[in-house]
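Below: one structure, written as structure tokens.
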Amino acid sequence: MAEEKKIKSIDPATIEMIDKATSEGVSTVFSRAETMRPCPIGAEGSCCSICAMGPCRVPMPKGKEETPEEKKKRRGVCGATVETIAARNFVRKIAAGTASHGDHGRKVTEVFLAAARGETPGFEIKDEQKLLQLALDLGIDIGERSNNEIAIDIGETLLKEFGKQEGELLFLKRAPLKRQAIWRKLGVAPRGIDREVAETMHRTHMGCDQDYRNLLLQGARTSLADGWGGSMIATELQDILFGTPSPVLSQINLGVLKEDEVNLIVHGHEPYLAEALAVVSQDPQMIEYAKSKGAKGINLAGMCCTANEILMRHGVPIAGNFLQQELAIVTGALEAMVVDVQCIMQGLAEVASCYHTKVINTDTRAKIEGATYMEFDERNALESAKNILRAAIDNFPNRGNNVRIPTQKTDMIAGFSHETINYLLGGMFRASYRPLNDNIINGRIRGVAGVVGCNNARVTHDEAHVIMVKELIKNDVLVLETGCAAMACGKAGLLVPEAAAKYAGEGLASVCETVGIPPVLHLGACIDNSRILMAATAMVKDGGLGDDISDLPAAGAAPEWMSEKAIAIGQYFVSSGVYTVFGVTWPTTGSKEVTKLLFEDMEEMYGGKWAFEPDPLKAAQLMIEHIDKKRKALGIDKARERVLYDMAMRRELE
Ligand code: BF8
């Protein structure tokens with residue numbers, strides 16, 4: 001369990017709005033986290049609530065070593081051991097995360113198919129090159145056929161991936177051959193995405209799968225159905241439909257809200273509505289309408305993963321990450337918060353009731369009490385978006401006199417898709433990860449780290465992300481980011497090329513300077529962690545760094561994780577061969593055996609394993625040690641001298 005935190009956020013804009021909320025008597029996630037302590041038994045995975053004979057609480061005794069006799073007695077009413085209970089709880093989180101990304105991927109596929117069939121005016125295939133590449137990957141005939149004909153075949157093929165009952169997910173073939181062989185040997189190559197989720201729910205029903213090892217194998221299989229299934233399908237099809245991201249300059253933090261314009265934040269995960277809003281908010285008629293209500297214009301901003309989607313494709317600024325959602329309303333300057341699915345705090349409607357903000361929910365899968373429901377119809381996207389935007393504009397005259405927008409906003413560059421990294425490094429005509437591999441081999445770059453995931457109100461907002469990433473880049477580790485992690489580092493000024501000279505070690509800085517990239521690359525939303533899998537695979541395929549993802553000098557982390565999706569992501573990285581460190585709290589500490597399997601034995605099985613370290617500096621050092629271990633195994637450890645930073649040098653660099 002993380003220690004009592006000292007400050008609520010490292011971000012002054014966040015602190016200013018927490019203070020404003022407090023002085024206005026508004027409760028937020030920050031104040032609720034103070035009054036509601038986490039349940040210590042649930043936090044360690046020792047509470048079983050899957051049948052009505054419980055909930056059974058079987059906590060690890062504190063302050064003394066448990067005897068085998070005591071351990072035997074730690075059982076639920078049905079006789080379930082702590083191992084079974086902890087493992088069931090853990091793999092259920094994986095199933096929930098996989099289901100969330102999978103359902104997102106399924107909806108993307110349906111919209112993609114509808115667009116290919118010409119049923120969604122406003123949405124059409126944008127990235128022909130990626131469409132054709134995907135057709136080749138899937139063995140779909142290109143010939144003289146139109147893009148839409150090819151897209152229909154792709155959509156129909158990928159839609160079947162969700163309900164497939166036999167065989168393997170098609171994208172598994174993209175992984176290095178050695179990786180595929182490991183999955184097959186362990187029996188964890190997923191069949192259909194939904195099938196793995198359903199089987200996990202079945203196996204974790206009362207009195208079913210009771211062997212924690214077997215449960216964790218199914219957990220791995222389910223997680224792979226996320227990373228190489230639902231998430232990868234979503235990323236691929238979104239890119240084809242809305243455009244593959246390329247580097248774009250924008251800004252981040254609550255200071256992107258504007259005092260004299262209609263402010264509209266789009267928050268959640270699926271990008272169709274946000275795409276349509278990005279278009280209609282530029283419509284001269286809508287701008288005129290906003291002016292008729294006394295505003296100078298329309299200001300669209302994003303929040304959470306939806307923000308990442310429209311930032312990368314349209315340069316739309318980001319108002320903040322997960323823990324800032326209520327605070328955007330506390331500014332008093334937000335006309336509407338438009339939401340769809342996932343990571344939308346139920347506290348939003350309550351906070352909005354203290355201001356003039358309308359919370360507009362748009363998805364039938366996520367109804368919200370106290371919000372205004374305006375269903376978004378993808379088949380009539382632009383009209384739907386206009387209706388929602390009109391509701392926001394109509395709300396502008398209702399602003400109160402309690403408006404205060406923090407001044408903080410920071411420049412950031414996003415849009416580093418796997419393809420873009422390829423082009424940036426290798427050039428348009430010989431796109432390749434070769435230069436990255438060469439710089440890793442010659443030691444200028446020590447390795448690569450994926451730092452991803454959420455904010456968590458149990459730890460200081462954004463702090464762990466920024467400390468970890470600064471430590472990594474100082475030690476010449478190139479950082480790839482997604483989700484709320486990328487936003488934390490964006491606010492801290494790490495997503496601009498100038499950050500290389502300021503914060504990165506000499507080797508990494510020299511490479512960033514040559515290529516013109518920041519030392520921390522923003523790859524997108526959480527589903528876009530599949531881009532990191534693709535980047536890792538491309539590094540393996542380009543040669544010189546072993547023949548599997550687990551051979552790469554690479555590591556992953558989610559230092560402020562909170563959602564079940566984060567556990568699914570972490571497990572698919574581990575199952576793909578990546579050493580992955582989580583912070584905040586660890587959900588299986590109630591069982592030594594389960595924790596040992598995750599933290600130790602998985603390395604034997606998958607080449608990757610989990611670790612838990614709530615101190616972000618120590619966690620970064622664990623990642624660097626792992627990277628060095630891999631460099632040694634590859635025989636490239638002599639190529640670089642390790643730079644050790646003492647405290648004085650660190651302060652100088654800060
Ligand atoms: O999917 S990083 S808080 S917003 S779960 Fe949610 Fe976590 Fe943010 Fe996106 Ni990902």
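What follows is calculated from the coordinates using simple rules that are stated; it is not laboratory data. Please read these numbers as outputs of a predicted model, since none were measured by experiment. Glycine also receives a Cβ, built like all others from the backbone with ideal geometry; neighbour counts cover every protein chain displayed.
Under the rule of -39500 (n - 2.57) per DSSP H run of 4 or more residues, summed and divided by the residues of the chain, what mean residue ellipticity at 222 nm is obtained, to the nearest 500 deg cm²/dmol?
Working: 29 runs with 311 residues, N = 654.
Calculated mean residue ellipticity at 222 nm is -14500 deg cm²/dmol.
Using a/c under 1.5 as the rounded threshold, could you call the range 78-153 rounded, prolate or oblate? The axes a ≥ b ≥ c are square roots of the C-alpha gyration tensor eigenvalues, and prolate needs a/b larger than b/c, oblate otherwise.
prolate
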Length gained when the stretch LYS629-ASP211 is fully extended (0.36 nm per residue, less Cα-Cα span): 147.2 nm
Value of Rg to Rh for the chain (Rh from inverse mean 1/r over Cα pairs, i.e. Kirkwood): 0.95
Segments 229-237, 309-317, 208-216 sorted - mean Cβ within 10 Å per residue, highest first: 229-237, 309-317, 208-216
Separation between Cα centres of the range 1-67 and the range 152-203, rounded to whole Å: 36 Å
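Which whole number of Å³ per residue matches the convex hull of the alpha-carbon atoms in the range 371-518?
Working: hull volume 26.1 nm³, N = 148.
Looking at the range 371-518, the number lands at 177 Å³ per residue.
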For the range 212-268, diffusion coefficient by Stokes-Einstein and Kirkwood Rh (Cα), 4 °C, 1.567 mPa s, µm²/s: 84 µm²/s
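How would you rank 364-374, 85-95, 136-146, highest first, on the average number of other Cβ atoms within 10 Å across their residues? Could you put the intermediate results ahead of the total?
Values: 364-374: 13.7, 85-95: 26.4, 136-146: 11.6.
So the order, starting with the most tightly packed, is 85-95, 364-374, 136-146.
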Principal axes of the range 495-610: Cα extent on each, largest first, Å: 48, 31, 26
Modelled FRET efficiency - R0 35 Å, LYS178 with LYS502, Cβ distances, 0.05 increments: 0.35
Kirkwood hydrodynamic radius (C-alpha pairs) into Stokes-Einstein, the range 337-449, 25 °C and 0.890 mPa s, D in µm²/s: 132 µm²/s
Along each principal axis, Cα extent of the range 1-66, largest first, Å: 45, 31, 15
Overall dimensions of the range 281-386 by Cα: Rg and Dmax, Å: 13.8, 35
Percent RCO, i.e. relative contact order, over the range 400-505, from Cα pairs under 8 Å lying at least 6 residues apart: 30 percent
Listed peptides 263-276, 59-72 by packing density, highest first (mean Cβ within 10 Å): 263-276, 59-72
Cα gyration tensor shape of the range 94-133, rounded if a/c is under 1.5, else prolate or oblate by comparing a/b with b/c: oblate
Alpha-carbon Rg with Dmax, taken over the range 399-454, Å: 19.2, 60
The range 1-139 - Kirkwood radius from inverse mean 1/r over Cα pairs (Å): 20.8 Å
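Per residue, how much space in cubic angstrom lies within the convex hull of the C-alpha atoms of the range 140-291?
Convex hull volume per residue, Cα atoms: 213 Å³.
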Label-to-label distance, nm, for residues given as LYS596 and LYS296 (7 Å Cα→Cβ offset): 6.5 nm
Radius of gyration, Dmax [the range 443-553; alpha carbons; angstrom]: 13.8, 42
